[in-house]
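First comes the structure, then the notes that go with it.
A short reminder: the numbers here are calculations on the coordinates, not readings from a lab. Small disclaimer: the values here were computed from a predicted structure and weren't measured. FYI the Cβ positions are ideal-geometry reconstructions off the backbone, even for glycines, and counts take in every protein chain you see.
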Amino acid sequence: MLSDIQLVKLAKEGHLNAFESLITKYKDKVFNIAFSFTSNYSESDDITQNVFLKVYSNLDSFEEKSAFSTWLYRISVNECYNGLKKRKKNTVSLETEVKNKDDISLKDVLADPNANVEQNSISAETQSMIRKALLELPEKYRMIVTLRDIEDISYEEIAQIMKISDAKVKVWLFRARNKLKSIIKI
């Protein structure tokens, strides 16, 4: 199996199969990032498509100084922010107080939106509540939680993606988790 850098080099040379391999490898992660922002399948699909169109059209500008995934996630974050700016008028608010007593992780709930709810013992109501709570977080906190808790990206890579220090990543993640807990009333 070829590395990301090898696939990028081949894609830069015009090998579409190499670029398709990159899409296959990263499309679910990009979709999950978008979905954590929009909580809408259609919008997340659109963002995912836009991300890969931008990646393809700007592939020559990728200088291979950082990991391809870091560059891809940075583009994904930017596309999410652009999408949020377009729909800023329609913010979601929690109207009812719902308590979550399940001992589950965010990744269990949100990483696979097509997962069988009964198999995972996670109710659709719980999934919906957590997605709505994520939308209540400020954008920077939502992105930190998505990248770390859902996508399992390292603190160092998140710092590169968001262009902040490792220490700030940890502080924002701590604050984001606490705010999420208070919204959900855990």
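Place the peptides 160-169, 23-32 in order of packing, highest mean first, counting for every residue the other Cβ atoms within 10 Å and averaging per peptide. Write down the numbers at each step before the final one.
On the way: 160-169: 16.0, 23-32: 17.5.
So the order, starting with the most tightly packed, is 23-32, 160-169.
Starting at the first residue of segment 154-169, write each ³J(HN,Hα) from the Karplus equation 6.51 cos²θ - 1.76 cosθ + 1.60 with θ = phi - 60°, in whole Hz, x for Gly and Pro.
Working through the residues one at a time gives 5, 4, 5, 5, 4, 4, 5, 4, 8, 6, 9, 6, 4, 4, 5, 4 Hz.
What is the Cα convex hull volume of segment 139-186 when expressed per residue in Å³?
Details: hull volume 2.9 nm³, N = 48.
Taking the convex hull of the Cα positions in segment 139-186, it is 61 Å³ per residue.
Just to be sure I understand the model, the point goes 7 Å from the Cα along the line to the Cβ. What's the resulting Tyr41 to Lys27 distance in nm?
1.5 nm
Assuming R0 = 41 Å, what is the FRET efficiency of Glu63 and Ala124, from their Cβ-Cβ distance, to the nearest 0.05? Each step should come with its number before you reach the end.
On the way: r = 44 Å, r/R0 = 1.08.
Efficiency at R0 = 41 Å is approximately 0.40.
Pull up all non-local amide H partners of His15: gap of 5 or more, or a different chain, and H-to-H distance under 5 Å with H placed in the peptide plane.
none
Arrange the peptides 72-80, 172-180 so that the one whose residues have, on average, the most other Cβ atoms within 10 Å appears first.
Numbers: 72-80: 22.1, 172-180: 16.9.
Descending mean neighbour count gives 72-80, 172-180.
Would you please put 133-145, 38-50 in order of how densely packed they are, using the mean number of other Cβ atoms within 10 angstrom per residue and starting with the highest? Kindly include the intermediate steps, with their values, before the conclusion.
On the way: 133-145: 20.1, 38-50: 17.2.
With the highest mean Cβ count within 10 Å placed first, the list reads 133-145, 38-50.
Give, in nm to one decimal, the length gained when the segment between Lys181 and Glu20 is fully stretched (0.36 nm per residue of separation minus the Cα-Cα distance).
Values: separation 161, 0.36 × 161 = 57.96 nm, distance 3.88 nm.
Full extension from Lys181 to Glu20 adds 54.1 nm.
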